[in-house]
Amino acid sequence: MKKGVFYTIISFMIVGVLFIFYSSTPMETEQTELAVVQDRISQADTFIHDLEHDYLEHIVRATGYQTLYSLTEEMKDRGQTGFFLDLEETFGHLMMTGQIGIDDIPSMQGKTLDKRLLDLKANVDETLFIDLTYKNPVIEVYQDDATGPWALGLNLTLTLDMKTEAASWTKTLETMALLDISGLEDPFFNIHTDGNVDRLIVPTEIADWDSEALKEHLDAETYVHNERAPSFFDRLRNNIVPSACCGIESMISPDVINAGIVKQMSYVDHCYFSELCPGSEPGNVQLFNVDGITTQNFEFMLEPYHISFYNISNEEIEQVIP
Amino acid sequence: MSKGYFYTVDALMAITVLIIGLYFVFFTTSGSPSLQVSKNMAEDVMGTASSTKIFQLNDQAYPILRALKQAGLVPDARSTLLQEAGMLYTIGNVDEATLLFEQTIDPTVPEQYNYAIIINDDVLFERSSITQTNADSLVTSRRVLYGSIDKRDMWGPLPAEVRVWQ
C-alpha cells in the first residue's frame, strides 16, 4: 500500500474524532444550562428593579392604610384610654405583626407587612427560583412640610437577601409612601364624644373666609389647615400642640351638643375638647357668639384668635357674658 | 515532492478549515438562531405587557379599555396591561383579561409565532398553529404580578408567564 493512502486514512480518522467531539451532547447541555442561568439572573434583576421601584411602595401604602384604619378602629373601641402616646412604635408593631402589644387585631390578620413579604417570598421562590429573605425592618410614620396637613408619611427600610443558584444580592431598600388622610375617620372626635359622634376628615375647599363661609364649613363638617391647630398625627396621640406644617381643625357641630357634650368653650374642635385655645390663657378664654350661626338651640362661640382666623367682623360678634 | 507529503498537507489544511468552522459554529453563537429569536419574542411580549400603562393607550383604539373604564374596572390608570389583567383575573373577570390581551398585545406579535400569556397557571390568551407538545423549542419569560384593589387591599402576588414556541 502506498504511504499517501495511509496518511489520508489517518487524516480522516482525526477529522472524524473532531466531529464526534464537537457535536457531542455535553457541550450543548452546557450551553443550554448557561443560557438558563443567564435567563434566571436576568429575571432576578428585573424582579429586584420592580421590587425596588414599584412593589414595595404598593405594599407599604396598602399595609399603611390598613394599619391606620385598624388603629383608629381600635382607638374608638378603647375609648378615653385609646390614645397612643407611643404612636410611632405602636404603628410600626401593628403594621409588622398585626398586634397592639400582645393583642392580635382581627382586621390586620393576613394583611400585615410580614405576611405580605412572606407571600412574596413564596411566589418568587416558585416562579423565579429566588430565595428571598428580609431582615431589620424599620418603619417610620410622620407628618412634616413634605407631607403637608392632608397626608401621613410612611418610610420603610429593610435589608433583602436574594439568592439564585448562580448569584446572590444583598440590598438595603428604602421605600416611602404618602397616605392621604382624606376620607379617614378622625378618632379624636369619637373618643372625646364617648363614641357618640364619628367624623371623617374632609378638607374644605373654602379659601376666603367670612361668616357665611364659616357657616358652610360648620354645616359640611369639613376640616381646614391652621398652623396653630394640632396635626392629624398629634390628634391620634391626643397631643394638643400647634403644628405649623400640618395642623387641622374642624367645628363642633350640633350632634356633639345633642350627645350631651356641652361646654362653655370655643367651638373649634381642639379648643372645645382640650379647653386650650391659641392666644388665650387656660381658664380665661373670652368668648363671642357669631350672628347667623349662633341660635337658641346651638350656642356657637369663638375666641378672639379664631374670630380673626375666620375673618369675622366685629359687627357680627357679641361677647358671651359668663 | 512525493504524493505522501501532498496528501498530508492537504489533510492538515482540511482539518484547519474544519476547526475554524467548528469554532465559529459553537463559540460565536449562544444557541440556535430560532431559539434566540423565540426568547427575544417572549421577552418583548412580557416587556410590552408589563411596561405599557393603561393611561398611555388611546381608548378609541381599544374598545375593551373603554368598556373596562365605563364598568369601573380600571381602579388605577397607572397600572400596566399585565397588572390590569392580573386584577381582572383576581376578581373573576377572565374574559375581559383575555380581550385586553387580544386587542392590545396580540396585534404587536408577528403571525409566525405561537405564544400564550399565562397568569397563575391559567392560560388567559393563546395563539398557536401547533401545540406546545409538538414544538421543537419552547421558551418562557416570567414575572411576579401584584397590584392594589383599593387603598387597603392588594391582590397577588401571582406568577405571570409568556411562552413562545416553534
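Helix B:3-27 and the longest principal axis of the Cα set of chain B meet at an angle near 10°. Under a no-solvent Debye model with one identical scatterer per Cα of region A:187-319, what's log10 I(q)/I(0) at q = 0.10, 0.11 Å⁻¹? Per q value, in the given order, log10 I(q)/I(0) is -0.28, -0.34. A convex hull fitted to the Cα coordinates of region B:89-145 yields 99 cubic angstrom per residue. For the peptide A:127-140, the mean number of other protein chain Cβ atoms found within 10 angstrom of a residue's Cβ is 1. With the highest mean first, a sort of the peptides B:155-162, A:313-320 on other beta-carbon atoms found within 10 angstrom per residue produces B:155-162, A:313-320.
When DSSP beta bridges are restricted to pairs lying wholly in region A:187-319, around 90% turn out antiparallel.
About the Cα centre of chain A, how large is the charge dipole given +1 on each Lys and Arg Cβ and -1 on each Asp and Glu Cβ? Please answer in debye to the nearest 20. Using Cβ point charges on Lys, Arg, Asp and Glu, chain A gives about 2020 debye. Taking every C-alpha pair closer than 8 Å and separated by at least 6 residues, the mean separation divided by the residue count of chain B gives a relative contact order of 24 percent. Once you order the gyration tensor axes a ≥ b ≥ c over the Cα atoms, which shape class does region A:245-322 get: rounded for a/c under 1.5, otherwise prolate or oblate by comparing a/b with b/c? It comes out rounded by the Cα gyration axes. With 5 Å bins beginning at zero, the pair-distance distribution over Cα atoms of region B:49-109 amounts to 4, 21, 35, 30, 9, 1 %. Shielding value for A:6-16 is 4, the average number of Cβ atoms from other chains within 10 Å of each residue's Cβ.
Comparing Cα centroids, region A:35-88 and region B:33-104 end up 25 angstrom apart. Within the shell defined by Cβ-Cβ distances under 15 Å, the residues around A:Leu71 carry a net charge of -4, with Lys and Arg each +1 and Asp and Glu each -1. Averaging 1/r across all pairs of distinct Cα atoms in the protein assembly as shown and inverting the result yields a Kirkwood radius of 28.0 Å.
Checked against a 20 Å cut-off, the cross-linked pairs A:Lys121/A:Lys171; A:Lys76/A:Lys215; A:Lys121/A:Lys163; A:Lys171/B:Lys151 give Cα-Cα distances beyond that limit for A:Lys76/A:Lys215; A:Lys171/B:Lys151. Over all other residues within a Cβ to Cβ distance under 11 Å of B:Leu65, the charged ones net out to -1, with Lys and Arg as +1 and Asp and Glu as -1. Is the C-alpha gyration tensor of region A:171-248 telling us rounded, prolate or oblate? Criteria: a/c under 1.5 is rounded; beyond that, a/b larger than b/c is prolate, otherwise oblate. Because a/c hits 1.5 or more and a/b exceeds b/c, region A:171-248 counts as prolate. One equal scatterer on each Cα of region B:34-165, no solvent, Debye formula: the resulting log10 I(q)/I(0) at q = 0.10, 0.14 Å⁻¹ is -0.31, -0.59. Peptides A:285-294, B:101-110 ordered by packing proxy, namely the average of other Cβ atoms within 10 Å per residue, highest first: A:285-294, B:101-110. Shown here for region A:130-209: GluC sites (Glu not before Pro) in loop regions (DSSP other than H, G, I, E, B) with at most 10 other Cβ atoms within 10 Å, namely A:Glu205.
The mean number of partner chain beta-carbon atoms within 10 angstrom of a residue's beta-carbon across peptide A:61-71 is 3.
Every read-out reported here was derived from the displayed coordinates using simple, explicitly stated rules and does not represent laboratory data. From a predicted model like this one, the values you see are computed outputs, not experimental measurements. Neighbour counts are summed over all protein chains in view; Cβ atoms, including those assigned to glycine, are modelled from backbone coordinates with ideal geometry.
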